[in-house]
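The values are calculated or read from the model by the stated rules, or taken from the named source; none is laboratory data. It should be emphasised that the depicted structure is a prediction, and the values quoted were computed from it without experimental measurement. Cβ sites come from the backbone with ideal geometry, for glycine too, and all protein chains shown count toward neighbours.
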Amino acid sequence: MPRQFSQMHHDALNRSRKMIINYDTNFGSPSIIEPLAGKEIDTVVHQYFAMIDEYKVEVDSIWWCWLDGNYALYPSKILPMWELSGFKKWWNAGIDPIRVFVEETKKRKKEVFFSYRLNGTDMASIKPLSKPLLKESHPEWLIQSWESYGNPGYWNFAEKGVRDYKLSILREIAENYDYDGLEIDFARVPVNLPPGYQWENRRFLTKFMQSLRKMTLEVEKHRGRPFLLAARIPENIEGCHFDGIDIEKWASEQLIDILVLGNRSFDVDITAFRRITMGTEIKLYPCIDDHHATDGYLNPPIDVFRGVCANWWHQGADGIQTFNFEHSTSDSPNIYSNTESKSKLHLQVYKEIIDPKRLKYRNKTFVLQRRGGGHGPTVIPNPEDWSTPRWMYYLTNMFAPLPTILGNDGKVDTLVMAYISDDLGSESEKIVVIHVRILLSDLSFGDQSKRKCLQPATIAANKVHHLKTIPLEVSIVNQIELRLNNALLPKPIEDQGWLIFSAKPNQFAVGNNLIGVCIKKGWKDGHHKVSLEKLEIQVNYQA
């Protein structure tokens with residue numbers, strides 16, 4: 001039987017909510033928030049709301065993430081408080097920044113959630129604290145992990161004491177602040193159960209969510225206003241299972257109202273989540289992160305964002321959530337250490353992706369993802385040094401098809417699938433050109449100085465990962481074959497290391513398109529090991 005909710009809960013859940021901003025208030029680093037603490041609170045508010053106020057970004061809901069969940073910058077009886085002099089200055093003046101930001105969000109007539117990182121890091125630089133972290137007195141409640149951040153380990157939710165402690169933290173927030181809802185963020189960090197035993201211990205995360213749902217509905221009844229519950233989970237059901245999330249049971253028991261799907265993955269299995277939530281009012285929001293970006297696409301051209309979001313709308317998303325986007329303006333440039341060009345890019349994204357109609361007949365690039373990368377190899381392996389992560393599925397893009405080795409006998413295609421939301425066949429009169437672009441690397445190496453080769457091209461570039469192609473001989477242009485839904489495309493041209501194939505609109509299907517790539521039999525005696533690093537489909541419409 002479907003769970004029965006009050007009419008006010010039903011109305012709140014079904015309100016218009018196309019765009020959600022998840023706002024990482026310190027962008028993962030104390031160096032950002034420390035200079036702001038203690039300033040005039042109006043100045044801080046102005047900086048954080050600058051893009052929303054100045055450029056009228058169309059957003060329905062703002063979800064505020066205040067640090068990593070194991071310490072507080074608000075008056076808390078449960079968590080250790082981060083006793084920066086700036087925070088103490090606010091507190092002594094009767095200013096609670098969390099309450100201020102709730103009020104300022106509501107003043108702008110936006111829905112407001114508290115986003116809580118269920119198992120966030122401890123960060124050694126977060127000090128002084130008002131009291132020791134509970135982890136210090138309960139090492140038996142911890143999972144030892146691979147990473148640092150001053151972290152003694154991550155909470156093990158198989159322990160009842162951990163579940164009760166986390167529930168008390170969230171109850172304090174729900175009862176003391178006038179939020180419209182709460183998001184439980186399983187992305188940071190998704191090590192919630194002992195690695196290798198996540199799925200068989202799934203009942204413990206379910207017990208926690210059952211207790212949390214009960215608590216939030218109690219708060220809702222007591223205050224006479226809706227209190228919604230959301231969860232950020234992996235982008236596909238298999239990833240949920242890997243991380244010990246029994247999402248089918250959560251959906252059948254309606255333990256959540258909103259599912260935020262993924263974080264940085266372009267490939268979100270909205271169809272599967274829609275299937276398991278059928279008969280409920282659970283809403284689905286794929287999430288895009290342009291800081292821990294999918295490998296090779298940090299701050300990409302706007303055409304890439306259009307392709308990703310057009311696909312999500314076509315697959316039935318209820319809306320889209322952004323995470324780690326830039327929200328500064330010329331008048332408030334110093335919230336994050338990002339560039340003006342990034343701010344302009346994200347502003348354009350906001351203007352276009354809130355409505356699928358705005359994406360129609362705009363140039364788009366549909367891309368295949370690369371597994372791993374984006375965080376640095378201490379957390380997630382890079383694609384070129386790939387190993388299957390054992391700690392977690394979330395954030396790894398583990399199922400991504402690239403890079404992959406091409407067949408080189410002319411008989412076996414390397415097959416990949418590309419999702420295309422646009423009905424290119426029926427829109428052919430409005431299309432100028434369609435290109436399928438690929439980047440290849442020669443993993444056989446050899447002495448390139450004695451060969452005429454393609455130009456090296458950048459595969460990925462960010463502060464922790466910079467990778468270029470290992471160029472192949474130019475003769476590959478005559479030897480590579482690419483088939484689109486089994487139609488052989490003409491020989492490619494080379495442009496700055498990319499091989500570019502021309503395609504016709506009527507060769508594409510709406511939805512999944514099968515692409516096969518192989519090297520003709522006999523090229524280099526079949527001994528070269530060639531990696532397909534990137535594949536993009538660029539669709540340019542008439543202006």
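Numbers at a glance
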item: Neighbours by Cβ (under 8 Å, 6+ apart or cross-chain): first from the stretch 185-209, among the polar types (S, T, N, Q); second crowded, with 24+ Cβ neighbours inside 10 Å and in a strand (DSSP E or B); result: Asn192/Tyr154; Asn192/Trp155
item: Top-ranked residue of the stretch 483-506 - restricted to ones that are out of contact with any helix residue (DSSP H, G or I) (no Cβ under 9 Å at 6 or more places or on another chain) and without any contact (Cβ under 8 Å) to a residue 60 or more places away in the chain, ranked as surrounded by the most Cβ atoms within 10 Å (Cβ to Cβ); result: Gly497
item: Residues that are over 22 Å from Asn512 (Cα atoms) and in the same structural domain as Thr322 (by TED's automatic domain parsing), drawn from the stretch 347-392; result: Leu347, Gln348, Val349, Tyr350, Lys351, Glu352, Ile354, Asp355, Arg358
item: Filtered residues of the stretch 453-469 (kept if over 20 Å from Val436 (Cα atoms) and either surrounded by fewer than 14 Cβ atoms within 10 Å (Cβ to Cβ) or in contact with a strand residue (DSSP E or B) (Cβ under 6 Å, 6 or more places away or on another chain) (or both)); result: Cys453, Ala461, Lys463, Val464, His466, Leu467
item: Answer from Asp289, Asp331 - the residue that is out of contact with any Pro (no Cβ under 6 Å at 6 or more places or on another chain), surrounded by fewer than 19 Cβ atoms within 10 Å (Cβ to Cβ) and at pLDDT below 95; result: Asp331
item: Where Ile256 falls short, out of the listed (1) over 21 Å from the mean Cα position of the chain (by Cα); (2) in contact (Cβ under 8 Å) with a residue 24 or more places away in the chain; result: (1)
item: Scope the stretch 102-133; condition in contact (Cβ under 8 Å) with a residue 60 or more places away in the chain and in contact with a Phe, Trp or Tyr (Cβ under 8 Å, 6 or more places away or on another chain); matching residues; result: Val102, Val112, Phe113, Phe114, Ser115, Leu118, Asn119, Thr121, Met123, Ile126, Leu133
item: So Ala272, is it touching a helix residue (DSSP H, G or I) at 6+ places or on another chain (Cβ under 6 Å) and either among the charged types (D, E, K, R) or in the same structural domain as Asn70 (by TED's automatic domain parsing) (or both); result: yes
item: Residues of the stretch 190-243 classified as in contact with a His (Cβ under 7 Å, 6 or more places away or on another chain) and not in a helix (DSSP H, G or I), total; result: 1
item: Criterion (of a type in the set (A, V, I, L, M), out of contact with any His (no Cβ under 6 Å at 6 or more places or on another chain) and over 19 Å from Leu439 (Cα atoms)) met by exactly one of Val510, Val477, Val539, Val530; result: Val510
item: Within the stretch 444-543, strands (runs of 3 or more DSSP E) holding 1 or more residues that are on the phi > 0 side of the Ramachandran plot and not hydrophobic (A, V, I, L, M, F, W, C); result: 511-519
item: Total residues in the stretch 507-543, condition polar (S, T, N, Q) and surrounded by fewer than 18 Cβ atoms within 10 Å (Cβ to Cβ); result: 4
item: Residue within the stretch 279-290 that is over 23 Å from Phe323 (Cα atoms) and outside any loop (DSSP other than H, G, I, E, B) present; result: no
item: Within the stretch 207-256, tally of residues that are at positive phi and surrounded by 18 or more Cβ atoms within 10 Å (Cβ to Cβ); result: 2
item: In the stretch 1-24, the residues that are under 22 Å from Gly224 (Cα atoms) and not in a loop (DSSP other than H, G, I, E, B); result: Gln7, Met8, His9, His10, Asp11, Ala12, Leu13
item: Pick from the stretch 380-403, criterion among the hydroxyl-bearing types (Ser, Thr, Tyr) and surrounded by fewer than 19 Cβ atoms within 10 Å (Cβ to Cβ), ranking: nearest to Lys529 (Cα to Cα); result: Ser387
item: Near pairs, Cβ below 7 angstrom, 6+ apart or cross-chain, from the stretch 148-176 (more than 20 Å from His222 (Cβ to Cβ)) to any residue that is of a type in the set (Lys, Arg) and at pLDDT 95 or above; result: Phe157/Arg163; Arg163/Lys207
item: Every residue from the stretch 503-543 that is aromatic (Phe, Trp, Tyr) and at pLDDT below 95; result: Trp523
item: Conditions (1) buried (at least 16 other Cβ atoms within 10 Å of the Cβ); (2) within 21 Å of Lys77 (Cα to Cα); number of the one not met by Ser145; result: (2)
